Every structure is written in C-alpha cells, then in structure tokens.
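Could you have a look at this structure, given as structure tokens, before my questions?
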Amino acid sequence: MYKGIIDLRSDTVTRPTPAMREAIAAAEVGDDVFGDDPTVRELEERSARLFGKEAGLFVPSGTMGNQLSIRCHTRPGDEVLVDRESHIFNYEAASAAALAGVQLHPVDAPAGFFGGADIEARVRPSDYHFPSTRLVCIENTHNRRGGALYPFEKLQEIREVADRLGLRVHLDGARIMNASIAARIEPPRYGRIADSIQFCFSKGLGAPIGSMIVGDADFIRTARWERKRYGGGMRQVGILAAACLHALDHHVDRLAEDHANARALAEAVDGAGGISLAFAVETNIVVLDLRKTKIAAPAFLVTLKQRNVLAVPFGPGLVRMVTHLDVTAADVAAAAVAVREAMGAGNGG
Ligand code: TLP
C-alpha cells in the first residue's frame, strides 16, 4: 500500500513487481472477444495443462470464475451443496441465487471439512417436492478456516460419491497454488478431483487482476458464452494475461516464503495478552482470536493501524492477517511487535 505500511488485510493487495510490469509492457495483444489475443490464449492453454484439463477461460475475478462455473454446471432450480463457511456462500452477494437461479444448501462441517458421507446424506431423493442436487462446491485453501488445507482423502471421497451419484464438483481454488505448495500435491491431482477449478492470479500469485477456470472443452465453450452474457468479455487483455504468465513463472514456488512468514507471525503473537490462534497456520492466513482477551477487535485494529499495520475483522473477536509477496520476514517481525504492543504484552516473548 503506502510506504512504511505493513498491509496484511489480504493477499489481494500486492502491487505488480518491476519485472511483472516489464512483462505487461512487452505483451503481444489482440481483441480477445474475437479470440485474437495470443497472450490470453497461451495463459488459458497453460493453465488447463497445469491441472490436466482440456481448456481454460480467463475471467476478471474469482467471483466471476465461481459464478460462471455454477451457472454452467446447473439449471435454475437446482441445488448446490457448499460449506457454510465457504466464500461462495458468504461473500459473493448471493449471486448463485441472483444469476444462476440455484439454491445453495449450506453444509455444516464443524469438525473441519465435509467428506463423502456428508455429501451423500444431503443429496435429495428424486421426488418433485425437492430440488435436484447437481453440484458440490469445495474450497481449498479454505479462507474462513484460516487458510487450512482440505484433507486430500476427503476430496477423494467427494469425487467418489459424486461419480456414483452423478454430481458435478467445482473447486474454488482461489488459493489452490498455496495448497499445492504447502501440501506438496501436484496440480493435476486436484484436476482429477474437480470437474471445474477456479483459481486466482490476483491473490498470492501477485498479479493485479485475473482468475482462470479450467475444465473440459464443452464446459469451457459454454462458460465462454456465459462470460459474454455476464459482461466479462475482455478485449486487449493480454496485458493482464502477461502479468499472470509472469506470476506462474516466478511466484509459485515462493509461496512457501509466505507460509513461513505466516507461521513466524503466528508463533510470535500466540499467547500475547491472551490472544490465541483460531486455526493452526498451514498456509498464508493467520486468524487471531481475541475473545478471551480484554481488548475488543475493533479497538485492536485501530491501535494496529496507528502502528502502521493493517488487518481485517473476521467475525466477532476475530482478526485476519494474510502474508503475501509485498510482505518480508522483517515486516512480519515488525507486525508481531505491533500486535504485542496493541495487546499490552511487551516484546519479550
Ligand atoms: N477473497 C477476498 C475477500 O473477498 C474475502 C479475500 O480478501 O480473501 N474464493 C475465495 C476462497 C476467496 O478468498 C476470494 C476472495 C474469492 C473466491 C473471490 O475472488 P475475487 O475477489 O477475485 O472475486
């Protein structure tokens, strides 16, 4: 953000690096609505290959990627199973209802993540009183669960149940490359779990805009049609695709640094003035739980801001901090000092 500010509100706040700006400046472009932009085509093909899928579609945002996917897998009146804590259920302005005309069925998975049996138990019988359960949406890494990794065996169970019951599976993989790096799972293995994957270049990968959906060729053909309908047809957008290609080349392996920084931050503040960690830190998200402290989250955020550290509220008594490309190990150490000061906990550990 501004010089001297440590911005931990989200990994969406990164600014393009000088090298990414050079890639943007050098991009070959054309009108992508005519299919003429070679850089977009390269990005779509490369993204599809990355996950072992047939085709890809470049979209402006993660929300559009998720919503186009829901739209293309379903018909109005269908039902979609989602985790109650998912981004699709909480932060996409009810667009599945407004735009695709489907009913989201929130699944509670208090112990963590839903698996095959949870899905099977909620699939509606074929009876004209009920909606048809058509799609399961999963999120990995999981934002509201503090960047947690979806246990891979549960993903496999979901695929198995979906195959047996004729359901589609969409993966909201806004941060799937964080998952891949942290869990050491190659992207094609996620590709085999989900019929469609949405992933973001504008989060940990550090591009200014852009998300991708990948799936089979028919699905992407329909999604391209729907993207136009949703107003997402873009023209000389190779300038953005170039930033995303640069991100794939240079910003994937380094996600491990963001994860190490998040762990260091979490360790340095755990216990300070009664703070606890809401979740074990597995990737780049730290959720602080202030509920057992004397300090209210809004006041804590104000004090942090006075110390040049930005974070966001994340539910009653919870505060989220996210590490990313524009945050160094030194920034994280400084942020930890600010947290401890805000909690009146001193800096001695
Ligand atoms: N998440 C943003 C906010 O909207 C909460 C953030 O700062 O984390 N799926 C997941 C799991 C996400 O975390 C997000 C963005 C999206 C989808 C939507 O992406 P955009 O913002 O590009 O529409």
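Which three numbers, in whole Å and largest first, are the semi-axes of the equivalent ellipsoid of the chain derived from its Cα gyration tensor as √(5λ)?
Whole-Å semi-axes of the equivalent ellipsoid: 34, 27, 16.
Further, regarding this structure: Sketch the reach of a paramagnetic label on Ser95 as a point 7 Å from Cα along Cα-to-Cβ, and name the residues of the stretch 38-65 whose backbone nitrogen lies under 18 Å away.
What the label zone holds, given the 18 Å backbone N cut-off, is 57-65.
Expressed in nm to one decimal, what extension gain is obtained for the pair Leu165 and Gln236 from 0.36 nm per residue of sequence separation less their Cα-Cα distance?
Result: 21.4 nm gained on full extension.
Also: Under the rule of -39500 (n - 2.57) per DSSP H run of 4 or more residues, summed and divided by the residues of the chain, what mean residue ellipticity at 222 nm is obtained, to the nearest 500 deg cm²/dmol?
-12000 deg cm²/dmol
Report the net charge of residues surrounding Phe199, where surrounding means a beta-carbon distance below 12 angstrom and charges are Lys +1, Arg +1, Asp -1, Glu -1.
Local net charge: +1.
Can you count the Lys pairs in the chain with C-alpha separation below 26 Å, eight or more apart or on different chains?
10
What's the extension gain from Ala333 to Ser132 if we count 0.36 nm per residue and subtract their Cα-Cα distance?
Here the segment from Ala333 to Ser132 would lengthen by 67.3 nm.
With a cap of 15 neighbouring Cβ atoms within 10 Å, and only residues DSSP puts in a loop, list the trypsin sites (Lys or Arg not before Pro) found in the stretch 211-293.
For trypsin sites (Lys or Arg not before Pro) across the stretch 211-293 that sit outside H, G, I, E and B with at most 15 neighbouring Cβ atoms in 10 Å, the list reads Arg235, Arg254, Arg291, Lys292.
Moving to a separate point now. Anything in the chain that counts as a DSSP H helix reaching 30 Å or more along its axis (C-alpha) with Kyte-Doolittle mean of at least -0.5? List them, would you?
Flagged H segments: there are none.
Something else about it: Report the relative contact order of the chain, percent, no decimals, based on alpha-carbon pairs under 8 angstrom and at least 6 residues apart.
24 percent
No value in this document is a laboratory result; all are computed from the given coordinates. Since the model is a prediction, treat every value here as computed from it, not as a measurement. As a convention, Cβ positions derive from the backbone with ideal geometry for all residues, glycine included, and neighbour counts pool all protein chains shown.
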